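Taking it in order: structure first as structure tokens, then the write-up.
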Amino acid sequence: MNTSARPKVGLLALTLELYETLTPGLRAAREAWLRQVLIPAVEPHADVLFDAAVFRRSDIESTVAGFEQAGADALVVVMLTYSPSQLALPALTRTRLPCMIWNTQELPAVDQSFSQEQMVDNHGVHGTQDLASVLVRSGVPFQYVTSLTNDAAGLAELGDFCAAAAAVRRLRSARIGMLGYPFPGMGDFALDTTHLAATLGCSWTNLTVEDYICRAAAAGGAEVARLVDAYRHEYDVAADVTAADLEATARAELAVRGMVHDHALNALTYQFTAFGDDERTSSLPFVAASRLMAEGIGFGGEGDLIAAAATAFFNWLNPPATFSEIFTIDFAGESLFMSHMGEANAGMARRDRKIPLVARPAPITRTRDRQLALVTCLEPGPATFTVLALGPGGRWRIIAAPVAIEDYGPLSGFCVPHFKIRPHMPVREFLTRYAQSGGPHHNAVCFGDARRRLRLAAELIDADYCEI
């Protein structure tokens, strides 16, 4: 499965109609530079839609409409010359495409050799100021970056914007499956699903434990055998894990995969005790959830629709991402012990050893067979701790913090995923600030520094951004 679709941006290149008669060859020359230099600079970050530079209001409007119809994730505006703001304003006011103004030019320096011809070829900056001013006055959100086409920092900012816009577009149409029901009494992820659909665009569907049981029982023998072989090849299977244990786990995974496929799900959540309500349940899908996260399917525990949507969203935004939870404070090490009942992104596991595949010594809920889990410990290195949460007045907020994943685990005798993160401040201060920000007990971790993408994404979904 595709964990992160490549962004697609529409490039709106603007010029001035006066130059069509005053300097007839100017537009063609500026377009040539755009095709030869500017577009290749953007292409490492996104697929670029571009036909021609435009200078009339009607052409601007039809160009933006064309980008929308072509499925663009965002709009990047470039001034090849000065262009009056009121020509583009109506189209930019109406479009739902996130907009970035890229203030760029061909000339890197203005020195004693600067000529009038160079001035004419490189005078888009005041056009960007004209446009930015009217967008602010009109309440139209936009991003703005100034850089040359070979400026790595500016291009990285542009790339983060494209990635955020693409992730938000996918979030708007995300489908989440809830298997079972939410854990009784857990309030931090309680929500009005109408609010979820109206604000984020996500939809959700109920999945039944009975369907899960029937699918597991009906799984084909050849498919089960292939999956069991994959488990034995890919993981460090504990000595006490039997062939029957592996078969039950494979059937559970095939059941969940079938649900994800048939319901076109982007994310999944289940409440583990719900499986025990039906005495026919063979085993729990801990391994399935961990492997599906590695393929881009979001996950949230205990029936947490928000966490499921968020893990998928963060995985699109800054892959890879995993669902997790703070379980224990390491005061001595100024770090946090992270874990959950049996789910973590197997694709983020440390690379120096196979992931242990073990059986829980005691069932967490009633099942006929033993319950297996991947004891996933994350690859050490820089990372970002983040959550999507509801704040006061029903406003969404993204909370983010830079952390380091420590070289830790797997611990002997553990039957659950676990790893440690170290915040960039004393752990006491971190936890206080997180609690005061309204951070829930479910969270996510991404590799690398995702803060700028998270901030951009927060702006695009009209959410508060809280950085710790």
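Each reported figure results from applying straightforward, stated rules to the coordinates on display, with no laboratory input. The structure displayed is predicted, hence computed values, not measured ones. A quick note on method: Cβ atoms are made from the backbone with ideal geometry, for glycine too, and the neighbour counts reach across all protein chains shown.
Here are a few things to note about the model shown:
- Segments 116-126, 245-255, 378-388 sorted - mean Cβ within 10 Å per residue, highest first: 245-255, 378-388, 116-126
- Residue-count net charge about Val168 - beta-carbon cut-off 11 Å; Lys, Arg +1, Asp, Glu -1: +2
- Modelled spin-label separation between Ala52 and Ser173, with each label point placed 7 Å from Cα along the Cα-to-Cβ direction: 3.0 nm.
- Amide H contacts of Leu207 (H built 1.01 Å from N, under 5 Å, at least 5 apart or other chain): Met178, Leu179, Gly180
- Mean separation of Cα pairs under 8 Å and 6 or more residues apart, divided by the residue count, gives the chain a relative contact order of 14 percent.
- Net dipole in debye of the chain [+1 Lys, Arg Cβ; -1 Asp, Glu Cβ; about Cα centre; nearest 20]: 400
- Mean Cβ neighbour count within 10 Å, used as a protection proxy, ranking 10-23, 438-451, 281-294, 309-322 highest first: 309-322, 281-294, 438-451, 10-23
- DSSP-defined beta bridges in the chain - what % are antiparallel, rounded to 5: 50
- Taking Cβ atoms as reference points and 13 Å as the exclusive limit, the residues near Asp407 contribute a net charge of +2, counting Lys and Arg as +1 and Asp and Glu as -1.
- Backbone HN-Hα couplings from phi across segment 180-185 [Karplus 6.51/-1.76/1.60, Hz, Gly and Pro as x]: x, 8, x, 4, x, x
- Taking amide hydrogens as placed 1.01 Å from N in the peptide plane, the amide H of Gln105 sits under 5 Å from those of Thr149, each at least 5 positions away in sequence or on another chain.
- Over segment 388-464, relative contact order from alpha-carbon pairs under 8 Å, at least 6 apart, %: 40
- Dividing the summed helix terms, -39500 (n - 2.57) for each DSSP H run of n ≥ 4, by the number of residues in the chain produces a 222 nm estimate of -11500 deg cm²/dmol to the nearest 500.
- Positive-pole candidate from Trp102, Val375, Pro319, dipole of the chain, charges at beta carbon: Val375
- Here the 3J(HN,Hα) profile of segment 64-70, calculated from phi with Karplus coefficients 6.51, -1.76 and 1.60 at θ = phi - 60°, is 5, 4, x, 4, 4, 5, 7 Hz, Gly and Pro shown as x.
- Summed residue charge, Cβ within 12 Å of Pro320's Cβ, Lys/Arg positive, Asp/Glu negative: -2
- Rounded tilt (10° steps) of 152-172 against the dominant C-alpha axis of the chain: 60
- Note that the chain shows a convex hull volume over its alpha carbon atoms of 167 Å³ per residue.
- Size descriptor, Kirkwood hydrodynamic radius, that averages inverse alpha-carbon separations across segment 8-172, Å: 16.0
- For segment 8-172, a crude dipole built from +1 on the beta carbon of Lys and Arg and -1 on the beta carbon of Asp and Glu, taken about the Cα centre, is about 680 debye to the nearest 20.
- The angle between the Cα long axis of helix 243-262 and the main principal axis of the chain comes to about 40°, on a 0 to 90 degree scale.
- Modelled label positions at Thr193 and Ala70, each set 7 Å beyond Cα in the direction of Cβ, lie 3.8 nm from each other.
- Order by protection proxy (mean Cβ within 10 Å, highest first), peptides 397-405, 214-222: 397-405, 214-222
- Cα shape, segment 392-468, gyration tensor, a/c 1.5 rule: prolate
- Compared with the dominant principal axis of the Cα atoms in the chain, helix 85-94 is inclined by about 20°.
- Scanning residues 5 or more positions from Tyr465 or on other chains, those with amide H under 5 Å from its amide H are Ile398, with H placed 1.01 Å from N in the peptide plane.
- Taking every C-alpha pair closer than 8 Å and separated by at least 6 residues, the mean separation divided by the residue count of segment 8-172 gives a relative contact order of 28 percent.
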